[in-house]
Amino acid sequence: GGGGDEVKHVKPQDTNVNDYDHVYRMDIEGMHCKNCAMRIENAFNEQPGCMAKVDLVGKFARIYTKKSVEEVVLKQTVWHAGYEPKTVTVEK
């Protein structure tokens, strides 16, 4: 961090959860603040047909996708954002 660098929030192309056919829940280690949560959301929101909502208290993210996505691909997105993905559960 340092220097009060605010993370700009990336809005998903489609914010309507009902438009997504697949929902994944992923436990994530290493998130400590709103900026952490936002970095992870942004990493998914930047991808077409994808949206994420992070629960900081519960230490998990819910990832909405229009196409089925492999667990390893979801985890790689979190790794690249600088956090540690744990269990992934398919919710829908």
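Numbers for the structure displayed
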| quantity | calculated |
| --- | --- |
| Neighbour-limited loop hits for GluC sites (Glu not before Pro), the chain (at most 15 other Cβ within 10 Å; DSSP other than H, G, I, E, B) | Glu6, Glu46, Glu70, Glu91 |
| Surrounding net charge for Arg25, when Lys and Arg each add one and Asp and Glu each subtract one, Cβ distance under 12 Å | +1 |
| For Cys36, Cys50, order by how many other beta-carbon atoms lie within 10 Å, fewest first | Cys36, Cys50 |
| Relative contact order %, the stretch 17-90, counting alpha carbon pairs below 8 Å whose residues are six or more apart | 45 percent |
| Using θ = phi - 60° and Karplus 6.51 cos²θ - 1.76 cosθ + 1.60, couplings along the stretch 29-46 (whole Hz; Gly, Pro as x) | 9, x, 8, 10, 8, 4, 5, 4, 4, 5, 4, 5, 4, 4, 4, 7, 4, 5 |
| Interchain or long-range residues, amide H under 5 Å from Ile28's placed H | Phe60, Ala61, Lys86 |
| Candidate aspartates and glutamates for bridging to Lys34, where Cα separation is under 15 Å - those fewer than 8 sequence places away on the same chain excluded | Asp5, Glu6, Asp55 |
| Zero-based 5 Å bins, Cα pair distances in the stretch 17-90, whole percents | 3, 18, 34, 27, 13, 4 |
| Per-residue [θ]222 nm for the chain (sum of -39500 (n - 2.57) over DSSP H runs n ≥ 4, rounded to 500) | -7500 deg cm²/dmol |
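Where a number appears in this text, it was derived from the coordinates with a stated rule and is not lab data. As the structure is a computational prediction, the values presented were derived from the model and not from experiment. Positions of Cβ are backbone-derived with ideal geometry, glycine not excepted, and every protein chain shown enters the neighbour counts.
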